[in-house]
Amino acid sequence: MNILFNILKRCLAALAAVFVMLPIAYVQAAPEFMPVDQIVKGMHGTAKTVVAGSQIEEFGVEVLGVMKQKGPSGDLILVRTYGDVIERTGGIAQGMSGSPVYINGKLVGAIAYGWSLTDHKIGMVTPIADMLKLWELNGGQAELQAPTAEAPGNAVSTPLMASGFGEQALKMLADKLKPYNLTPYAVSGSMSDANNGIAYKTVEPGSTVGVQLVRGDISLGALGTVTYVEGDKLLAFGHPFLKKGKVNYFLTDAEVYTTLNGMENSFKVGTSTETIGMITQDRGAGIAGTFGKFPNIVPLRISVTDKTLGRTNDLWAQVVQDEELAPVLSAVSVFNAIEKTTDRVGSGTARISFEISAAGIPGEVLKRENMFYTQGNVGELAVAEVHEALALLTGNQFNAVNIMDVKVNVTVDSERRTATIIEAKANTAVAKPGDKVDIAVKIKPFRNDPVTRHITYTVPKEQQPGTLMLSVRGGGMVSVAQLVGKRQNGEEDFSKLFMTKAKPKSLEEAVKELVNRDRNNDIVVEAIEMNMPDVASAGAGKNAKPVADTFETSPSPALPDSSGKKPAKTGRTGSEVAKTAKGDDSKQKVYITTDYIIDGDTQVMVNITK
C-alpha cells in the first residue's frame, strides 16, 4: 500500500512540475460560456482590454438587446459600454475589437462593431459560440455557414500600423489595400528580434496582440484584443481582419502606446513586437491562431543605390506568403526602399535587377533586369516588374510555388538616360540566306550628340527570295510596321493587334516569356512578314507605340507582349555584340543592350536572292 502511495505521490509531483513549466496560456481555467438564448435586455457585465502599455483594465457593459441574424456569422448582441475606461477613451476604440465580455462570470463574446460619428459607447458583440467554430475549421472537421448579413455598424477595425514607410509608400500602400477596407497609419517603432523568449506567457483574454503582414526594417500589422485562449489556441477580434478564410499571418505580442480619443473614431496606437505564433483563420466571426507555430514567409532583401547622392541602403523584410498580398506588399516594400534612399519623389532613371528563388519553377530561379525612365514617379515604375514576376509565380494556374528568397537591386539616377532612334542603314541592299548584314543604328541621346550602334543580323537560311523587311526598334516599343503588317495579313480588329502571343500553356512557358521579354534599353532588329512593299516609308521614331505605364498587371510598364524571345543577360554598351533569339514563329531576332532607354522605330529593307 505504501509503495502504491509513494508511486502515486511521485506521479502527482511530476505532473505538477510539468504544469508549472508550461506557459500560462496552457493552464488557465476555461470559463463557462453563456449562449445567446440566455441573454436578455438589461443584463450587466464586464469587458476587458488594454488602454496603454500591457495592463488589462475592465469596463462595464449593459445589454440593450439581441439583433437576430444581423452579423456576418449570425446574431449580434447590442450593448452600451460605460465606466472610467470608456470615459478616457471616448467610447469603444479601434483596437478594442475582441475585448471579451462576461456576464455573471460567463464568457458571452467579443466587442466587435460600433458606429462612426455617433455615440461611440454603443457597440455590438459577436457571440463566443460563432467564434469557437473557427477552431473546428482548423481541424478540417466543419465549415461555417455562409454569412447571412453584413453587420449594421462598422467593425471596430484593427488600426493598421505601418512603421518605417515613407509618405509616398504609405499612400501607395493605402491605395493597394483599399479593397480590404484598411487604412494604414504611420507609427514609430521597430521590430524586436523574433522568438525572443516565450512571449505568449502574458497572452490572456483582454491582452493586446498583433497580426502582422510585413516585419523587418519595415513593419505592417494590426492590433486587436484577445477574446479567449485554450491551450495553444487563441481567438481574437470578433470580426474579420481581411476575411481571407484560411490564412498565413504572423501572430505577435504587442505594445500599446496610448489610445487616442477621436471625433469620428477613437483608436489605439501601438506596435507589434515578438512573433509568438501564426494566425490560421480570418473569417466573419473573428480570427483564430496557434502559439508556437510560425507562418511561411517571403524573405525580401533590397539594395538601393542613389548615384546622385552617392549612397546605398540595404533593407530586409519578411512578407507573409499569400498569393494576393505577397506581390503587392513586396513591391511596395521595394518602392519604399527607393523612396527612403533617394529622399525624393519624381523623374529619373532606374536600373533594376531581381532574382527570385522558388521551388516549382524551371531552375528554381527567375532572373530579370530592366531600365526605366519617367517624368513622373520613377520608383513606382521601377517596381512594376517585381510585382508582375511575384504575381505570376504566386497566382499561376499550373502549380503551387514556394518562394524561398527575393533579392532586388536598384540604382537610381536623376539624369535622364533616354535616346531616340533617328535612322538605320544596312551595309548592303542585297543578301543571300545565311549572309550577315551589318545594320548601323543612329540614336540621339537626350541633350547629347548622336551616336551609332552596330547590330549584325544573320539572314535565316530558310528565308525565301524577295524583300526582307526588318523592324529596328527600342525594346519597349511596338513598331507601327508590325501592326500594319498584321492588319494587311487579315487582322482587322485593332484590339487584337497587341495580342501577339497566346496564353502560356505551362508555368515554364510563362516564366520564360517574362525573363526573355525585350528590355527598354535594347535595340531590337527582327523580321516582319509584310504584304505591302512600301511600308518602310512609314518612317522612324514617331511611329513606335509605347505600351501604357501601369503597376497593376502584365505586361509591365513600357513593355509590350513581345512575339520573340531573348536571353536575360546583361548587355554591353559601346561596341556591343548582337545577341540572337528565335521566337516561336521561326523569325530571327537580334538585339544589343545599350546604356539608354530606347525610343522610336524605323525599318530596313534587304533584297534576298538565291
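The values are calculated or read from the model by the stated rules, or taken from the named source; none is laboratory data. Every value quoted in this text rests on a predicted model; they were computed, and no experiment measured them. For neighbour counting, all protein chains shown are included, and Cβ atoms are generated from backbone atoms with ideal geometry for every residue, glycine included. We work out accessible area using only protein heavy atoms, side chains counted, and drop any ligands, DNA or RNA first. Shrake-Rupley method; radii C 1.70, N 1.55, O 1.52, S 1.80 Å.
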Could you tell me whether segment 480-503 includes any residue that is at pLDDT 60 or above and within 25 Å of the chain's Cα centre (by Cα)?
yes
Take the residues in segment 63-77 that are under 37 Å from the mean Cα position of the chain (by Cα) and open to solvent by less than 40 Å² (accessible area, probe 1.4 Å); name whichever of them is farthest from Val101 (Cα to Cα).
Pro72
Looking at segment 79-93, which of the residues that are open to solvent by less than 40 Å² (accessible area, probe 1.4 Å) and assigned to a strand (DSSP E or B) is nearest to Thr271 (Cα to Cα)?
Ala93
May I ask you to verify whether Ile276 is more than 24 Å from Thr49 (Cβ to Cβ) and surrounded by 24 or more Cβ atoms within 10 Å (Cβ to Cβ)?
no
Please verify whether Ala30 is buried (at least 16 other Cβ atoms within 10 Å of the Cβ), modelled with pLDDT under 95, closer than 29 Å to Asp232 by Cα and under 39 Å from the mean Cα position of the chain (by Cα), treating the condition exactly as stated.
no
For Leu329, indicate whether it is more than 17 Å from Gly216 (Cβ to Cβ), assigned to a helix (DSSP H, G or I) and among the hydrophobic types (A, V, I, L, M, F, W, C).
no
Scanning segment 425-449 for residues that are more than 42 Å from the chain's Cα centre (by Cα) and in contact (Cβ under 8 Å) with a residue 24 or more places away in the chain gives Lys425, Ala426, Thr428, Ala429, Val430, Ala431, Lys432, Pro433, Gly434, Asp435, Val437, Ile439
Determine which single condition Glu324 fails, assuming it passes every other condition in (1) at pLDDT below 95; (2) crowded, with 22+ Cβ neighbours inside 10 Å; (3) under 20 Å from the mean Cα position of the chain (by Cα).
(2)
Keeping to segment 340-350, report how many residues are buried (at least 22 other Cβ atoms within 10 Å of the Cβ) and either not polar (S, T, N, Q) or not in a strand (DSSP E or B) (or both).
4
Kindly provide the set of residues from segment 415-464 that are farther than 21 Å from Gly476 by Cα, polar (S, T, N, Q) and open to solvent by less than 40 Å² (accessible area, probe 1.4 Å), ordered by number.
Thr458
Tally of residues being in a loop (DSSP other than H, G, I, E, B), among the charged types (D, E, K, R) and within 30 Å of Gly348 (Cβ to Cβ) across segment 428-446:
0
Do we have Val229 as over 26 Å from the mean Cα position of the chain (by Cα) and either crowded, with 23+ Cβ neighbours inside 10 Å or modelled with pLDDT of 95 or more (or both) here?
yes
Need the failing condition index for Leu315 against (1) touching an Asp or Glu at 6+ places or on another chain (Cβ under 8 Å); (2) open to solvent by less than 80 Å² (accessible area, probe 1.4 Å); (3) in a loop (DSSP other than H, G, I, E, B), just the number.
(3)
Pick from segment 178-195, criterion in a loop (DSSP other than H, G, I, E, B) and more than 18 Å from Phe250 (Cα to Cα), ranking: modelled with the highest pLDDT
Val187
In this structure, is Gly231 out of contact with any Ser or Thr (no Cβ under 9 Å at 6 or more places or on another chain), over 23 Å from Pro72 (Cβ atoms), small (Gly, Ala, Ser) and in contact (Cβ under 8 Å) with a residue 24 or more places away in the chain?
yes
What is the one condition in (1) touching a Phe, Trp or Tyr at 6+ places or on another chain (Cβ under 8 Å); (2) in a strand (DSSP E or B); (3) open to solvent by less than 20 Å² (accessible area, probe 1.4 Å) that Pro295 does not satisfy?
(2)
Over segment 423-476, the set of residues in contact with a Gly (Cβ under 7 Å, 6 or more places away or on another chain) and farther than 23 Å from Ile598 by Cα is Val459, Lys461
I need the full set of residues from segment 275-328 which are closer than 30 Å to Arg416 by Cβ and without any contact (Cβ under 8 Å) to a residue 60 or more places away in the chain, in order please.
Leu309, Gly310, Arg311, Thr312, Asn313, Asp314
Looking across segment 357-403 at residues that are over 28 Å from Gln168 (Cα atoms), in contact (Cβ under 8 Å) with a residue 60 or more places away in the chain and part of a strand (DSSP E or B), the single one that is least open to solvent (accessible area, probe 1.4 Å) is Leu366
